[in-house]
Amino acid sequence: MDFSLLASTFITVFLAELGDKTQLAIVSISGTSSRPLAVFAGSSLALVLASLLGAAAGGSLSAVIPTNALQLAASVGFLVLGVRLIRKAASANAAENAGKADSGQA
């Protein structure tokens, strides 16, 4: 087993999952339940299955599409998502500021 790949994958996924929608959903579900172990087990199984599907799809795609093309496509996809999130946040901020200006708040 390639332990450096294992470690880098673990660190990447662990850091990516901190504070994301999945973690917030788990906190919400756990807060409304008296069975945190069941919430942990369910969320762990879901993450394992999603990771398995991603790894299988990535392995299958890399057999057909060159790795550089896959990395480029993933990079462009993340860039597009990032730009869309920034634009959405900027327009929400502008609307909030316009609402404050209309109501006389500064």
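Each residue in segment 1-43 was checked for being closer than 22 Å to Phe78 by Cβ, more than 18 Å from the chain's Cα centre (by Cα) and among the aromatic types (Phe, Trp, Tyr), and 0 of them qualify.
Inside segment 26-60, residues that are under 20 Å from Phe10 (Cβ atoms) and surrounded by 12 or more Cβ atoms within 10 Å (Cβ to Cβ) make up a count of 7. Taking every residue in segment 23-37 that is small (Gly, Ala, Ser) and pairing it with any residue that is surrounded by 11 or more Cβ atoms within 10 Å (Cβ to Cβ), at least 6 positions away or on another chain, the pairs with Cβ-Cβ distances below 6 Å are Ser30/Pro36; Ser30/Val39; Ser33/Val39.
FYI, it's all coordinate maths here, none of it is from the lab. Not measured: the values here are computed from a predicted model. Note that we place each Cβ from the backbone using ideal geometry, even for glycine, and neighbour counts take in every protein chain shown.
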